[in-house]
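Structure, as structure tokens:
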Amino acid sequence: MDVVFVGAGPANLAAALHLKNEIKKHDELVDRGIKHTKKIGDLEIAIVEKGSFIGAHILSGAVMDPLALRELMPDFLDQGCPVDTVVTEDAAWYLTSTKKFTAPITPPPLRNKGKYIISLSKVCEWLGEKCEEAGINIFPEFPAAEVLYDDRDAVIGVRTGDKGIDKDGKKKANYEPGVDLLAKVTVLGEGSRGSLAKQLIARLGLDHGKDHQAYSLGVKELWEVSAGNFAEGMVVHTLGFPSDTQTYGGGWIYGMKNNVVSIGYVTGLDYVDPLIDPHAEFQRFKTHPEIAKILARGKMIKYGAKTINTGGYYTMPRLYADGVLLVGDSASMLNGQRIKGIHTAMKSGMLAAETIVGAFEHEDFSVRTLKHFEEKVNMSWIYDELYPVRNFHAAFQKGRWSALINTGLQFLTRGLAWGFMPKEHHVPGYERMQQLNGDRPRGGLGPSDHLATDRYQRVPFDKEITFDKVTDVFYGAVAHDEDQPSHLHVLDTEICATRCAEEYGNPCQRFCPAAVYEMEENSATGRRELKVNFSNCVHCKTCDIADPYQIINWVTPEGGGGPNYKGM
Ligand SMILES: Cc1cc2nc3c(=O)[nH]c(=O)nc-3n(C[C@H](O)[C@H](O)[C@H](O)COP(=O)(O)OP(=O)(O)OC[C@H]3O[C@@H](n4cnc5c(N)ncnc54)[C@H](O)[C@@H]3O)c2cc1C
């Protein structure tokens, strides 16, 4: 291959398509004698995707700002882009445990009128078709398991995962070894907490001098609601219930066609109370009288969960190294204040494509040429959008109210007032988790946090409005062949049974939104030990991020396994 893209999300699909277009433009200019350089010609371009089809592992809200898609394909609507509906109304609600207050003016970052409500999974499926029409090779069910380097640490491609290994590590009848896809340029667009991006960033120190990345977990359901309960085109963002004031969190409700509603809740994975369960927070959110009213007599039709990079501009790693570029969420391009990353992911992919054209033109795939990618990002509207809100998330370390004052100040001063609030995440999110003192976090809950005490009572799962994790996983259509080695590597299970049980009460049982981790009594020893139900995994990467001992390593399972987010 000439160029290999890892991950078929909006970033890489836009990148591959733009690369094709830009090469064509370049070669035409050379033919017409306008550009005095060499032609690039047909490149072999591949996209590898771990899901069983393009879009299978794509989960988003999603309200899409069409800025980048319009640049990529000005006639995207005429070309059949499957947008669901246009946003016609916005609202911001503050929720107490029983009441709702509607902001008299929707804060500007949350204004979405004229933007599109979409299923990002569907849009990616469609973009995948466009890529195939353009002659790009797409390989679903091909997880990239390893980055390949030469002896100078330049990236030379990726190795895909083996197929047909049984749970004891032995080859089955259908065994197929992974393949080495060698490429002049490799682009990592694996989304939040990419497993290869994690390896690469650590090996090459691409986060050196950068702020700690901050993540949140978004838990989402699609519902069919009763006609008239929620208007098509309506977009609501909420703050308040059920999060306590020390925890970053908020909800959304988007009205789609045919009375379908996208509803979800985001919880920052830098919470201090180890007893928080983001899935339970979402279930509790739905019990709020104003939300339950919308869902009453409705039907849940789909479930999913995925992490989001909410760290912002200062948490962007270096975006290039020899032979490799990082795009989209893997490069922390998301605007946390707007909860939007689709447009910035696509734009970053397009700028990566333009950089790659330059690299082929000069036949130089080293940092000398690839560094221009970071310059292009910093000269584009990505920078204009992300820089003014660079400490939006960091400010939440001081609690919700200080953060909101900070957000207002940033907005009024276009980001110049950053000195008032922490501009960085002083520690990674998992280090903020407090150890338990009995059944409460050591530091207590704070005076205004009576809401947090709710979380010590179990959410009643009534299977009408609220669902337990196992039921939800069923609605995520999650499937992995169980006869394969677990892709969730717990490096020291002794810690789980001893220190973690005492210090944090095994938070993996709560932060995982798919009931993967369970502490089970070993009947022989009487000890509670960790059981990993890896086949439930929705590939959200929360465990890799939030474990306080950092002993869970998420690696790619056999290709095709995981959720099926068609239409999400
Ligand atoms: C709950 C939630 C709500 C959101 N709401 C909105 C919204 O309303 N508006 C908005 O603009 N943004 C929203 N976002 C953010 C937006 O979805 C992301 O910013 C965007 O999808 C990032 O695109 P990406 O291409 O970088 O990565 P992704 O969309 O994550 O795509 C990555 C792809 O790479 C594949 N992959 C990963 N690793 C490998 C590997 N090793 N080998 C092969 N394939 C691999 C994955 O399976 C996936 O298909 C939301 C995100 C979440 C989680």
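The values are calculated or read from the model by the stated rules, or taken from the named source; none is laboratory data. A quick note: this is a predicted structure, and the numbers were derived from the prediction, not measured. Cβ placement follows ideal geometry from the backbone for every residue including glycine, while neighbour counts extend to all protein chains displayed.
Structural remarks
- Number of residues in region 245-288 that are of a type in the set (Phe, Trp, Tyr) and in a loop (DSSP other than H, G, I, E, B) equals 2.
- Among the residues of region 299-332, those that are more than 13 Å from the chain's Cα centre (by Cα) and of a type in the set (A, V, I, L, M) comprise 300, 301, 316, 319, 321, 324, 325, 326.
- Which numbered condition residue 53 misses (of (1) within 13 Å of the ligand (Cβ to nearest atom); (2) of a type in the set (A, V, I, L, M, F, W, C); (3) within 21 Å of residue 264 (Cα to Cα)): (3)
- The residues in region 297-314 that are under 26 Å from residue 565 (Cβ atoms) and more than 13 Å from the ligand (Cβ to nearest atom) can be counted, and the count is 5.
- Within region 374-403, if we keep just the residues that are in contact (Cβ under 8 Å) with a residue 60 or more places away in the chain and over 23 Å from the mean Cα position of the chain (by Cα), the residue that is surrounded by the fewest Cβ atoms within 10 Å (Cβ to Cβ) turns out to be 401.
- Test set (1) over 28 Å from residue 281 (Cα atoms); (2) of a type in the set (S, T, N, Q); (3) in contact with a Leu (Cβ under 9 Å, 6 or more places away or on another chain) - residue 96 fails condition number: (1)
- Residues being under 30 Å from residue 426 (Cα atoms) and either among the acidic types (Asp, Glu) or in a strand (DSSP E or B) (or both) - total across region 162-198: 3
- Here is the figure for region 222-237: residues that are closer than 18 Å to residue 64 by Cα and part of a strand (DSSP E or B) total 5.
- Residue check, residue 117 farther than 30 Å from residue 158 by Cβ, near the ligand (Cβ under 10 Å from one of its atoms) and either at pLDDT 95 or above or in contact with a helix residue (DSSP H, G or I) (Cβ under 7 Å, 6 or more places away or on another chain) (or both): yes
- Residue under evaluation residue 201, criteria (1) touching a strand residue (DSSP E or B) at 6+ places or on another chain (Cβ under 7 Å); (2) not in a loop (DSSP other than H, G, I, E, B), criterion not met: (1)
- Condition check for residue 135: within 25 Å of the chain's Cα centre (by Cα) and in contact (Cβ under 8 Å) with a residue 40 or more places away in the chain: no
- All positions within region 183-219 that are assigned by TED's automatic domain parsing to the domain that holds residue 9, within 22 Å of residue 54 (Cα to Cα) and among the aliphatic types (A, V, I, L, M): 183, 185, 187, 188, 196, 197
- Residue 305 falls short on exactly one of the conditions (1) in contact with a Lys or Arg (Cβ under 8 Å, 6 or more places away or on another chain); (2) in a helix (DSSP H, G or I); (3) buried (at least 24 other Cβ atoms within 10 Å of the Cβ), and that condition is (2).
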